[in-house]
1. State whether one or more residues within the stretch 293-306 are surrounded by fewer than 19 Cβ atoms within 10 Å (Cβ to Cβ) and not in a strand (DSSP E or B).
2. Considering only the stretch 241-273, state which residues are within 22 Å of the chain's Cα centre (by Cα), assigned to a loop (DSSP other than H, G, I, E, B) and crowded, with 18+ Cβ neighbours inside 10 Å.
3. Could you pull out the residue among Val40, Val16 that is β-branched (Val, Ile, Thr) and more than 11 Å from Gly164 (Cβ to Cβ)?
4. What is the one condition in (1) within 16 Å of the ligand (Cβ to nearest atom); (2) within 19 Å of Ile5 (Cα to Cα); (3) without any contact (Cβ under 8 Å) to a residue 60 or more places away in the chain that Met130 does not satisfy?
5. For the stretch 189-225, enumerate the residues that are free of Cβ contacts under 8 Å to residues at least 60 places away in the same chain and within 14 Å of the ligand (Cβ to nearest atom).
6. Here are Ser142, Ser122, Ser97: which of them is buried (at least 20 other Cβ atoms within 10 Å of the Cβ) and under 20 Å from the mean Cα position of the chain (by Cα)?
7. Any residue in the stretch 268-287 that's of a type in the set (Gly, Ala, Ser): show its pairings with residues that are surrounded by 18 or more Cβ atoms within 10 Å (Cβ to Cβ) and in a helix (DSSP H, G or I) at Cβ separation under 8 Å, as long as the two are six or more apart or on different chains.
8. Can you name the strands (runs of 3 or more DSSP E) wholly within the stretch 1-71 that have at least 2 residues being among the charged types (D, E, K, R) and surrounded by fewer than 24 Cβ atoms within 10 Å (Cβ to Cβ)?
Amino acid sequence: MKNTIIWESPSNIALVKYWGKMGVQLPCNPSLSMSLSASVSRFELTYSPKKPGEKDLTYLFEGKENKAFEEKLSKFIDSVSNDLPCLTKYQLKISSSNTFPHSAGIASSASAMSALALCLCSMQEAIDEMEMPRDFFLQKASRIARLGSGSASRSVFGQYAIWGEMEGQTESSNYFAIPFKGTIHPTFQDLQDTILMIDSSPKKVSSTAGHELMVDHPYADARFQQARLNMVELLDVLEQGDFDKFTHIVENEALSLHGLMMSSNPSYTLLKPNTLIAIERIKNFREKTQIPLCFTLDAGPNIHLLYPKADEFIIQNFIKQELIELLEEGKYIQDGMGNGPKRIK
Ligand code: DP6
């Protein structure tokens, strides 16, 4: 007996950043993200009863072996088998692919681990021959995804998702993300995200190592407090539609994240000269035209340019006239707010 499950799950861009963790992959502060639409990972999981002498897991990335990731997945799957008892009885074949290029400044661990968590939860349902209530299923998938990669907990939901306990959101939790249930102002309902590829070379310091440097960071407490305040304000902004306030908070979060890297011990810098030139041009354009446009950064040099759909045309022109020369091979990826994971099979 063999069965196959396929899920596609998006990457997400954090607006309030998760940076610093404690215990078993629990965040030191709440974070808020927007799920993307075009940047997705697709996971195909085939399971059959375990047979002696056969491997419990084989993994292919875009049709090719990737032993390092296979090992990471194998450890992850072992670590969640208490939650998903079916994993002790079945062997798995997993293959995955991304719609976006590797090292594109798009968090592939978020989309990958959430797609995998969804596949594993669907497998448990199929074996138990019992569907979980939808909210419970998503909560469970988010919790499992979190154990694979913190930011993946938020990719289980579309639009805007909150991960981490916070004031005013009684359902929020450190263990799983929840969808933002407020009424999103039209300005933020179809937010565009153009990902500007400044540099695609592999990162010098992984996010996981970066989180660790927050343990003894001299600004840690102030940072976690700043994030808590930014969360409360930004959720209000999403409902009220004030793009200036949005810009202020989101850019403050992005630059604080990189400030923390530069002030950690050891310190490191992921921004590139062209990142700073692009930021300068974005700010000048905004000041000159008064057009709503804001940037954010992941743990890397590439820029996510966020703006309302209504201003797409003029901003695309600005990118072509003033930013494209700063980009690696002139590359950028057009994305925007998405509605969350999809089960394909
Ligand atoms: C800067 O979720 O990649 O993107 O939990 O160690 O897998 P691990 O880290 P990860 O960290 C993401 C950091 C960030 C901010 C964010 O997405 O909130």
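1. In the first step, residues of the stretch 293-306 are kept if they are surrounded by fewer than 19 Cβ atoms within 10 Å (Cβ to Cβ); the result is none.
For the stretch 293-306, residues surrounded by fewer than 19 Cβ atoms within 10 Å (Cβ to Cβ) and not in a strand (DSSP E or B): absent.
2. Leu270, Leu271
3. Val40
4. Result: Met130 passes all but (1).
5. Answer for the stretch 189-225, where residues must be free of Cβ contacts under 8 Å to residues at least 60 places away in the same chain and within 14 Å of the ligand (Cβ to nearest atom): Ser206, Thr208, Ala209, Glu212, Leu213.
6. Of Ser142, Ser122, Ser97, the one residue that is buried (at least 20 other Cβ atoms within 10 Å of the Cβ) and under 20 Å from the mean Cα position of the chain (by Cα) is Ser142.
7. Going by the 8 Å Cβ cut-off, the qualifying pairs are Ala278/Leu323; Ala278/Leu326.
8. Numbers: elements: 3-16, 31-49, 57-61.
In the stretch 1-71, the matching strands (runs of 3 or more DSSP E) lie at 31-49.
Since every read-out is calculated from the coordinates, none of them should be taken as a lab result. These figures come from a predicted structure and were not determined experimentally. Here the Cβ is made from the backbone with ideal geometry for all residues, glycine too, and neighbour counts use every protein chain on show.
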